[in-house]
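Below you'll find the structure, written out as structure tokens, and then a few comments.
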Amino acid sequence: APVLEVRDLTVHYPVKRGLLNRTVGHVRAVDGVGLTIAAGETLGLVGESGCGKTTLGRAVVRALAPTSGQIVYHGDKGAVDLAGLSDSALRAYRGQVRMIFQDPFSALNPRMTLLQLLAEPFRNPAVRRGHIDSETEQRVADMLVRVGLRPEYMRRYPHAFSGGQRQRVNIARALITRPRLVVADEAVSALDVSVRAQILNLLADLRDEYDFTYLFISHDLSVVEHLCDRVAVMYLGRIVETTTTDRLFDAP
Ligand code: ADP
Ligand code: ADP
């Protein structure tokens, strides 16, 4: 069964020029993409830099609204088109479909403690006013431990941590709502080689433990070969091939 269906999706970015910053055209970052993500699979999304992978991932988590096309989510209330969701339904969706953002340095607000950063995804108004209840605090502590950090780190700010530790925080922030679908965008490419294998193992272990579906964006084929069941290949905003990982790597 599918978790998510992307139908004929197009995302344009405006191109602005001149003193008046007028829009003079657009970049077609995603150009008529169709893609089905099946429940439980790890689907790799590969392709050279600039081909539209991040844009497609951000459209899937609704961090941006597409120019045209549909994204259909198969949740416990049946299939829903994201374009038709109310604000409250969209908030619920953003708890179920989460993204691990690419850059561990810019993805975390430097003015928030790890406790605030990990409590925020619950979008609880009381949390927003600064009241974090003991149950939420316990969930944050447990999640920190699960990604290999200490619970007492929750009082500290992101700058106290290394790149690998920050990526663990990023991962914890994506998983704390127990999502069904996780979009991992180049989750290890900004890290030192020595840290990469640790984080990749963590990402694989967490999938086995929490049983979510992955859309795993990477330009690194060895990562994809190791982790993914199927692979979609993107080129110039389009998906040009979808195949099993075995077939991709067995090709003569
Ligand atoms: P990838 O993740 O495969 O590297 P992106 O989705 O980041 O690709 O980018 C796809 C295309 O859209 C590229 O040509 C990129 O320069 C352009 N692009 C990405 N983000 C923006 C933006 N915010 N404004 C304008 N153009 C953008
Ligand atoms: P706003 O509409 O005020 O921009 P959003 O609800 O779109 O607020 O989200 C704010 C930011 O939170 C987004 O720009 C994105 O970076 C991040 N975000 C949104 N959805 C998710 C998600 N599912 N997983 C992780 N981060 C998200």
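Is it true that some residue in region 216-232 is among the acidic types (Asp, Glu), more than 12 Å from the chain's Cα centre (by Cα) and farther than 26 Å from Gly47 by Cα?
no
Considering only residues that are basic (Lys, Arg) and either within 13 Å of the chain's Cα centre (by Cα) or open to solvent by less than 10 Å² (accessible area, probe 1.4 Å) (or both), which ones fall in region 179-204?
Answer for region 179-204, where residues must be basic (Lys, Arg) and either within 13 Å of the chain's Cα centre (by Cα) or open to solvent by less than 10 Å² (accessible area, probe 1.4 Å) (or both): just Arg180.
So which residues in region 45-64 are within 13 Å of ligand 1 (Cβ to nearest atom) and either open to solvent by 40 Å² or more (accessible area, probe 1.4 Å) or of a type in the set (Gly, Ala, Ser) (or both), if there are any at all?
Listed by number, the residues that qualify are Gly47, Glu48, Ser49, Gly50, Gly52, Thr54, Gly57, Arg58, Ala59, Ala63.
Looking only at region 54-85, how many residues end up being within 16 Å of ligand 2 (Cβ to nearest atom) and not polar (S, T, N, Q)?
18
Considering region 205-242 alone, what residues qualify as being surrounded by fewer than 18 Cβ atoms within 10 Å (Cβ to Cβ), of a type outside the set (Ser, Thr, Tyr) and not in a strand (DSSP E or B)?
Asp205, Asp208, Glu209, Asp211, His219, Asp220, Leu221, Glu225, His226, Asp229, Leu236 - these are the residues of region 205-242 that are surrounded by fewer than 18 Cβ atoms within 10 Å (Cβ to Cβ), of a type outside the set (Ser, Thr, Tyr) and not in a strand (DSSP E or B).
For Ala160, are the conditions met, namely being hydrophobic (A, V, I, L, M, F, W, C) and exposed (fewer than 14 other Cβ atoms within 10 Å of the Cβ)?
Yes: the conditions hold for Ala160.
Would a scan of region 70-82 turn up a residue that is among the acidic types (Asp, Glu), surrounded by 12 or more Cβ atoms within 10 Å (Cβ to Cβ) and either within 25 Å of Cys228 (Cα to Cα) or away from ligand 1 (no atom under 16 Å from the Cβ) (or both)?
Yes, the conditions are met somewhere in region 70-82.
State whether the residues of region 25-36 include one that is open to solvent by 10 Å² or more (accessible area, probe 1.4 Å), over 27 Å from Lys77 (Cα atoms) and aliphatic (A, V, I, L, M).
Yes: region 25-36 contains one or more residues that are open to solvent by 10 Å² or more (accessible area, probe 1.4 Å), over 27 Å from Lys77 (Cα atoms) and aliphatic (A, V, I, L, M).
Across region 102-128, which residue is most open to solvent (accessible area, probe 1.4 Å) among those that are in a loop (DSSP other than H, G, I, E, B) and at pLDDT 90 or above?
This residue is Arg111.
Report, by residue number, each residue of region 83-106 that is in contact (Cβ under 8 Å) with a residue 40 or more places away in the chain, over 13 Å from Ala63 (Cα atoms) and not polar (S, T, N, Q).
Selection gives Asp103, Pro104, Phe105.
Arg91: within 13 Å of ligand 2 (Cβ to nearest atom), modelled with pLDDT of 95 or more and within 16 Å of the chain's Cα centre (by Cα), yes or no?
Answer is no for this residue.
Would you point out the residue of region 165-202, among those that are touching a residue at least 60 places away in the same chain (Cβ under 8 Å), among the hydrophobic types (A, V, I, L, M, F, W, C) and assigned to a helix (DSSP H, G or I), that is nearest to ligand 1 (Cβ to nearest atom)?
Result: Ala174.
The values are calculated or read from the model by the stated rules, or taken from the named source; none is laboratory data. Just so it is clear, the structure is predicted and the values come from calculations on it, not from any experiment. Glycine also receives a Cβ, built like all others from the backbone with ideal geometry; neighbour counts cover every protein chain displayed. Quick note on the areas: whole protein, heavy atoms, side chains included, nothing else; ligands and nucleic acids left out. Shrake-Rupley method; radii C 1.70, N 1.55, O 1.52, S 1.80 Å.
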